[in-house]
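K.L.:
Below is one structure. I have some questions about it.
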Amino acid sequence: IETHKPHISEIFSDLSGDKCFSVCCPVFKDGKFVGIISAMVYLDTIKSIAGHIKVGKRGYAQIIDSSGIIIAHPEAAQIDKNMIAVRKENFPNYNWTEMEDIVARMTKGEEGTGYYYSVWWDVDKPESVKKLTAFAPIRLQNELWSIGITMGYDEVSDPVKVYARNISVAMGLLMLVFFGAGIWFYKVQKTKLEIEAEVQSAKKLLSTNERLKQEITERKLAEEALEISNSDLALAV
């Protein structure tokens, strides 16, 4: 049995009104067409799967279409609304320039990463936070969607800061060790030089003492010789 490239239909509504699209794949056996395998994919299923994706502590996944309309999001109230318009409506005092640029790239079918300032939708007191996002296009025949994974910038930067701080502390300790070793080496060298100087002084002192002893001995011998000479002269007279 052989299968060929599947055909993906445009999004349509079934008899109950639920939006979906079909995936049809022709099947061949021994080169002869034997039938079609068809599957219906409902958007609610995709929304459910994407809405439960968690990234880090508070990150999430969301899907938008080519018009910037939210197809899947953890907060059901944001689905079927324009990604930028709903934020400007809820938070008119925020600057959404970075997010507008990213959404423009997503709706063009680009793949990439970026950052923007936004708010967490599940907090009582929203405040501007920096977020990172990675996005990629999803193409369903003529339909262009984009899935984005968003997480807080601090979840990435904080471990890096901690690592950098640990490195700084380690470098500081290492410098202290080297500094202490330098002081110890200096003291050892100084003590060594002092000992060598004392040894040299002791050697000089010992040499001087030996020379003085020799001079004293020679002087005594000379005095004894002089006394003998004086005695001899006295006897001669």
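K.L.:
Taking 0.36 nm per residue of separation and subtracting the Cα-Cα distance, what length does fully extending residue 36 through residue 53 add? Intermediate results must be reported in sequence, preceding the final value.
P.N.:
Working: separation 17, 0.36 × 17 = 6.12 nm, distance 3.26 nm.
My answer for the length gained is 2.9 nm.
K.L.:
Quick one: of 57/108; 190/213; 47/125; 5/54; 192/213; 108/131, which pairs are farther than 24 Å apart, Cα to Cα? Let's see the in-between values first.
P.N.:
Working: 57/108 29 Å; 190/213 34 Å; 47/125 27 Å; 5/54 32 Å; 192/213 31 Å; 108/131 21 Å.
Exceeds cut-off: 57/108; 190/213; 47/125; 5/54; 192/213.
K.L.:
Another one. Check residue 55: other-chain or 5+ apart residues with amide H under 5 Å from its amide H, H built from backbone geometry?
P.N.:
Amide H neighbours of residue 55: 60.
K.L.:
Quote the relative contact order of the range 39-128 in percent (integer), defining contacts as alpha-carbon pairs under 8 Å separated by 6+ residues. Provide the component values of the computation, followed by the final result.
P.N.:
Details: 105 pairs, mean separation 16.2, N = 90.
With pairs under 8 Å counted, the relative contact order is 18 percent.
K.L.:
Shape verdict for the range 24-119, please, from the Cα gyration tensor: rounded (a/c under 1.5), prolate (a/b greater than b/c) or oblate.
P.N.:
Here the range 24-119 falls in the prolate category.
Laboratory data are not the source of any read-out in this text; all were calculated from the coordinates shown. On a predicted model such as this, the values are computed, not experimentally measured, just so you know.
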